[in-house]
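Report on the following structure.
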Amino acid sequence: MNSIFTTTITLLDPDTYIYIGWGILIFLTVLLGLLWRFSKRLWLKVVLSAPLMFLWLVFLYGSYIGVNQFRVRYIELTFDDLPPSFDGYKIVQVSDIHCGTLTGSRRHLLEEAVDSINAQNADVVVFTGDLQNRAPREIDPLRKLLSSIKAKDGIFSVMGNHDFPLYMEGDPIMKSDTLCVRENVDEELGWRLLVNDRQFIKRGEEKIFISGMDNDGDGERFPQNGDVQHALYGINPKQFVVMLEHDPSAWRRKILPHSHVQLTLSGHTHGGQFSFLGWSPASLKYKEYSGLYSLAGRYLYVSNGLSGVVPFRFGTLPEISVFTLRTSKSSVNK
């Protein structure tokens, strides 16, 4: 039942959620108006009016203001085993673009984000999944814009749950063909898609690895295809690795116990798209759902993403993230 509900909701057009929100709040406002008209219980009127006003505030801000903004987060991380040649190496992460939502009046958000990404003069740009909502055709109007993203060492990407044909109708053969079309998009954009794969980057005689796991979710609603061993095949345990994995839950489930990966970059949660007084609904499902986490000197960063199927943000702005890697020796010398 849960998977049926999730699929049905995802099939809606993004703007439909705005109309549904308007409908629900207008209905509740009419009910409250009738209460004020016919009830003599003043305390009940006041008690019900306050949360309804708050809901209107959240809805209007989240649907028309918060969703049209983004921020750039700057994070500097220090590692004992980062090769000296990579001291100051800059990684820009963007996640959860959801092209099907960034249309019309919301296209400007991606345009501004791409300008900001290119302005960082990054060594490498990484994309951590969910380029589409449910079908590759959503990407077509934004291909030229996406292909304009540049970085010295290239753009690397991984698949997210929405990049699989989970949220569309059709027979298995058609879905398989759709998946192939989606996988080819990254190459057409000039991105290197990593499906349980890795790529080294050299500076002189030293190198680091960018590895990418396939989406590794709960195995029920979301594909659980991540293979750590395959993604790290041939990499010496002493070498430095940045792992791209869409779903942050894979960090504790597979990456921490079965690898030496020093830095993992994820997305998927959108930070819950709502946060109030430090609480987000994403915290009910994910132990790590927004920002930087560390355990025994190993890091996970979960991006709030740039968009989502539902065009709404309150207290959790869309973002791109800029990482500067430092060696311990350079930190001591500062």
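The values are calculated or read from the model by the stated rules, or taken from the named source; none is laboratory data. This one's a predicted model, so the numbers in the text were calculated from it and none came from an experiment. Cβ atoms come from the backbone with ideal geometry, glycine included; neighbour counts cover every protein chain shown.
Pairs please, first residue from segment 202-222 and at pLDDT 95 or above and surrounded by fewer than 19 Cβ atoms within 10 Å (Cβ to Cβ), second anywhere and part of a strand (DSSP E or B) and of a type outside the set (A, V, I, L, M), Cβ atoms under 7 Å, 6+ apart in sequence or on different chains.
Cβ pairs passing all conditions: Lys207/Phe200.
Exactly one condition in (1) surrounded by fewer than 16 Cβ atoms within 10 Å (Cβ to Cβ); (2) within 15 Å of the chain's Cα centre (by Cα) is false for Gln93; which is it?
(1)
Checking the condition farther than 26 Å from Thr264 by Cβ and in contact with a strand residue (DSSP E or B) (Cβ under 8 Å, 6 or more places away or on another chain), which residue from Val46, Val30, Val58, Val92 passes?
Unique residue meeting the criteria: Val58.
Could you check segment 258-314 and list, in sequence order, the residues that are β-branched (Val, Ile, Thr) and within 30 Å of Gln229 (Cβ to Cβ)?
Scanning segment 258-314 gives Val261, Thr264, Thr269, Val302.
Kindly establish whether Ser290 is buried (at least 16 other Cβ atoms within 10 Å of the Cβ), over 13 Å from the mean Cα position of the chain (by Cα), in the same structural domain as Lys238 (by TED's automatic domain parsing) and not aromatic (Phe, Trp, Tyr).
It is false that Ser290 is buried (at least 16 other Cβ atoms within 10 Å of the Cβ), over 13 Å from the mean Cα position of the chain (by Cα), in the same structural domain as Lys238 (by TED's automatic domain parsing) and not aromatic (Phe, Trp, Tyr).
Out of Ser280, Ser307, report the one residue that is farther than 22 Å from Ser328 by Cα and touching a Cys at 6+ places or on another chain (Cβ under 9 Å).
Matching residue, one of Ser280, Ser307: Ser307.
Name the single residue that is nearest to Val310 (Cα to Cα) among those in segment 17-38 being hydroxyl-bearing (Ser, Thr, Tyr) and surrounded by 12 or more Cβ atoms within 10 Å (Cβ to Cβ).
That would be Tyr17.
Output the residue which, of all residues in segment 148-189 that are of a type in the set (Lys, Arg) and touching a residue at least 24 places away in the same chain (Cβ under 8 Å), is surrounded by the most Cβ atoms within 10 Å (Cβ to Cβ).
Arg182
Which one of Leu48, Leu55, Leu35 is farther than 13 Å from Gly315 by Cα, assigned to a helix (DSSP H, G or I) and more than 36 Å from the chain's Cα centre (by Cα)?
Only one candidate passes the filter, namely Leu35.
Does Asp214 fit the bill of being in the same structural domain as Gly297 (by TED's automatic domain parsing), within 16 Å of the chain's Cα centre (by Cα) and either among the acidic types (Asp, Glu) or in a loop (DSSP other than H, G, I, E, B) (or both)?
Judged against the criteria, Asp214 is a match.
Does segment 103-117 hold any residues that are surrounded by 14 or more Cβ atoms within 10 Å (Cβ to Cβ) and hydroxyl-bearing (Ser, Thr, Tyr), and which are they?
Matches in segment 103-117: Thr103, Ser116.
Does Pro311 satisfy being surrounded by fewer than 24 Cβ atoms within 10 Å (Cβ to Cβ), on the phi < 0 side of the Ramachandran plot and not basic (Lys, Arg)?
Taking the combined requirement at face value, the residue does not satisfy it.
Against the definition (out of contact with any Leu (no Cβ under 7 Å at 6 or more places or on another chain), in contact (Cβ under 8 Å) with a residue 12 or more places away in the chain and basic (Lys, Arg)), how does Arg37 come out, yes or no?
no
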